[in-house]
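> Before I ask anything, here is the structure I am working with.
The values are calculated or read from the model by the stated rules, or taken from the named source; none is laboratory data. All values reported here derive from a predicted model rather than from experimental measurement. All Cβ positions, glycine included, derive from the backbone under ideal geometry; neighbour counts span all protein chains shown. Just the protein is used for accessible areas: all its heavy atoms, side chains included, with ligands, DNA and RNA removed. Shrake-Rupley method; radii C 1.70, N 1.55, O 1.52, S 1.80 Å.
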Amino acid sequence: MEKVKLAIIFYSQTGVNLKMAQYAYDEAVKNGADVRLLKVNELRDTEDVREGSPWDKTIKASADIKVATPEDMAWADAVIILSPTRYGNVASQMKDYFDSLGGVWSEGKLVNKFVTAFSSSKNKNGGQEETIRAIHTSAMHWGAIVVPTGYTDASITEQGGNPYGVSATQAGDDDEIVEDVKPAIEHQTRRLLEITSKYING
């Protein structure tokens, strides 16, 4: 049976989406996928980032992670995209990555990729669902196949109920936040791999 090639592509400023991506990575490896954990380019000036701040810690924690290229999307069978919400939309850094995909998109190399998404915000109604749906909209333009969570596992309703994709609310300690949604992240990752595997292996 052919292994699923999975690209996990994230932007994270405070570390929440990085931790979510790492949980997805661990679960995907455990389930036998060929996985690439990738970040997108930082567009903002980081020279004056306060030492010890969440942003500083995230920059250091992700320093050895490779930057995603359009070729990573072309390589993958399935893709997990993670972005914090910015006014109900993806972060500019993620949008910049989407905008770099014109070449592989025009060649049809994004067609039939299986795509799912995660997000986060500072409060429960901070635009998480809209951000995930914005990612879905881009995926539909690529000709990709969107894989939402639906209410397919108890972990979805236990962490607040989101049929679009797992999202985290950043109120309190970040480690506790991501730990709370870890079962839902793992379920969404397995669901993506299972559906993709059925497609590529007939």
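> Out of all the residues in segment 35-48, is one or more open to solvent by less than 80 Å² (accessible area, probe 1.4 Å), over 27 Å from residue 141 (Cα atoms) and over 16 Å from the mean Cα position of the chain (by Cα)?
yes
> Also, quick follow-up: Testing residue 30 on (1) surrounded by 13 or more Cβ atoms within 10 Å (Cβ to Cβ); (2) without any contact (Cβ under 8 Å) to a residue 12 or more places away in the chain, one condition comes back false. Which one is that?
Condition (1) is where residue 30 drops out.
> If a residue must be in a helix (DSSP H, G or I) and either touching a Phe, Trp or Tyr at 6+ places or on another chain (Cβ under 6 Å) or open to solvent by 20 Å² or more (accessible area, probe 1.4 Å) (or both), how many such residues does segment 61-97 contain?
Qualifying residue count, segment 61-97: 10.
> Determine, yes or no, whether residue 126 is modelled with pLDDT under 85, outside any helix (DSSP H, G or I) and open to solvent by less than 50 Å² (accessible area, probe 1.4 Å).
yes
> Exactly one condition in (1) modelled with pLDDT of 95 or more; (2) under 24 Å from residue 195 (Cβ atoms); (3) in contact with a helix residue (DSSP H, G or I) (Cβ under 9 Å, 6 or more places away or on another chain) is not met by residue 149; state its number.
Condition (1) is where residue 149 drops out.
> What is the residue count in segment 163-176 for residues that are of a type outside the set (Phe, Trp, Tyr), modelled with pLDDT of 80 or more and over 11 Å from residue 124 (Cα atoms)?
Total meeting the criteria: 3.
> Can you tell me which of 52, 103, 150 is at positive phi and either outside any loop (DSSP other than H, G, I, E, B) or more than 18 Å from the chain's Cα centre (by Cα) (or both)?
The conditions single out 52.
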